[in-house]
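Trainee: One structure, as structure tokens, below. Some questions next.
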Amino acid sequence: MKINEIVVVEGKDDTVRVKQAVDCDTIETNGSAINELTLQAIEHAAEKRGVIILTDPDYPGNKIRMTIEKRVPSAKQAFIDASIARNKRGKIGIEHAPLTAIQDALVNVSTPFDNDVETVSKQLLIDLGLIIGPGAKERRTKVCRVLKIGYCNGKQLFHRLNAFGITEEDVKNAIK
């Protein structure tokens, strides 16, 4: 499987693993302390070929994803669930994900919308118990996994659902 866009990953081990799964070029952020030169390279890549962000499904990976997303809102997003990206000692990372999970993530990339259309309301997320109340985190985790948008806290969930044009019906179906 060949990927036209450049895949943004965190480090060398991620590059090795992703290239075992697909034929692609990568840019490495070298961890969460992503520097200005790397951000400029990602911006340039986005203009020329497009980019797909595939960072670790953990806090530092999400921080990198958000930093890139602010600079390159057109970046496509690929997600792998933390439950399958673990080694035997429990360490989370793309380099530990099965090759098929990486392929699936890159096939199912989400492209953010250019405009800020609200497809899901905060009130719906409250009514469904996804952002307030007991068990909200567990329900939110399930919805994120089903919709393949990566783990989100409540605020991120609202933003990500709307950024990817996911509908209220999609959310309701995912919660079932």
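Trainee: What residues have an amide H closer than 5 Å to that of V8, excluding those fewer than 5 places away on the same chain, when H is modeled at 1.01 Å from N in the peptide plane?
Mentor: Those qualifying (amide H under 5 Å, at least 5 residues apart or on another chain) are I27, I52, I53, L54.
Trainee: Relative contact order for the chain: what percent, with Cα pairs under 8 Å and sequence separation of 6 or more?
Mentor: Dividing the mean separation by the residue count of the chain yields 19 percent.
Trainee: Sticking with this structure for a sec: By how many nm would the segment from K19 to I84 lengthen if fully extended, with 0.36 nm per residue of separation less the alpha-carbon distance?
Mentor: Taking 0.36 nm per residue and subtracting the Cα distance, the gain is 21.6 nm.
Trainee: Now for a different question. For region 3-98, compute the orientation-averaged projected area of the C-alpha convex hull (one quarter of its surface), in nm².
Mentor: With every direction weighted equally, the projected area is 5.6 nm².
Trainee: By accessible area of protein heavy atoms, probe 1.4 Å, what ranking do S121, S83 get, highest first?
Mentor: S83, S121
Trainee: Got a sec to turn the phi values of region 55-60 into Karplus ³J(HN,Hα) couplings, 6.51 cos²θ - 1.76 cosθ + 1.60 with θ = phi - 60°, whole Hz, x for Gly and Pro?
Mentor: 9, 4, x, 9, 4, x
Trainee: In the chain, what is the volume of the convex hull around the alpha carbon atoms, normalised per residue and reported in Å³?
Mentor: So the per-residue hull volume is 116 Å³.
Trainee: Over 19 Å between Cα atoms: which of K48/K148; K76/K122; K137/K176; K2/K148; K70/K91; K122/K155 fall into that group?
Mentor: Distance filter (> 19 Å) returns K48/K148; K76/K122; K2/K148; K70/K91.
Trainee: Quick one: with all protein chains in place, what share of the accessible area of region 122-175 is carbon or sulfur, to the nearest percent (1.4 Å probe)?
Mentor: 56
Trainee: So how much accessible area does K142 have, in Å² to the nearest 10, using a 1.4 Å probe?
Mentor: 80
Trainee: Accessible surface of D170 in the full protein assembly, 1.4 angstrom probe, to the nearest 10 Å²?
Mentor: Result for D170: roughly 60 Å² accessible.
Trainee: Report the trypsin sites (Lys or Arg not before Pro) located in region 51-122 that are in a DSSP loop and have at most 14 other Cβ atoms inside 10 Å of their Cβ, or state none.
Mentor: K88, R89, K91
Trainee: When DSSP beta bridges are limited to those with both residues in region 6-108, what percentage is antiparallel, rounded to the nearest 5?
Mentor: Roughly 10 percent of the DSSP beta bridges within region 6-108 come out antiparallel.
Trainee: Summarise the accessible area of region 15-60 (1.4 Å probe, protein heavy atoms) by the percent that is carbon and sulfur.
Mentor: Carbon and sulfur: 49 percent of the exposed surface of region 15-60.
Trainee: 7 Å from Cα along Cα→Cβ at both E138 and Q103: what's the point-to-point distance in nm?
Mentor: Placing both labels 7 Å beyond Cα along the Cβ direction yields 3.4 nm.
The values are calculated or read from the model by the stated rules, or taken from the named source; none is laboratory data. Model, not experiment: these values are computed from the prediction. All Cβ positions, even for glycine, are placed from backbone atoms using ideal geometry, and neighbour counts span all protein chains on display. Side chains are part of the model used for accessible areas, which takes the heavy atoms of the whole protein and leaves out ligands, DNA and RNA. Shrake-Rupley method; radii C 1.70, N 1.55, O 1.52, S 1.80 Å.
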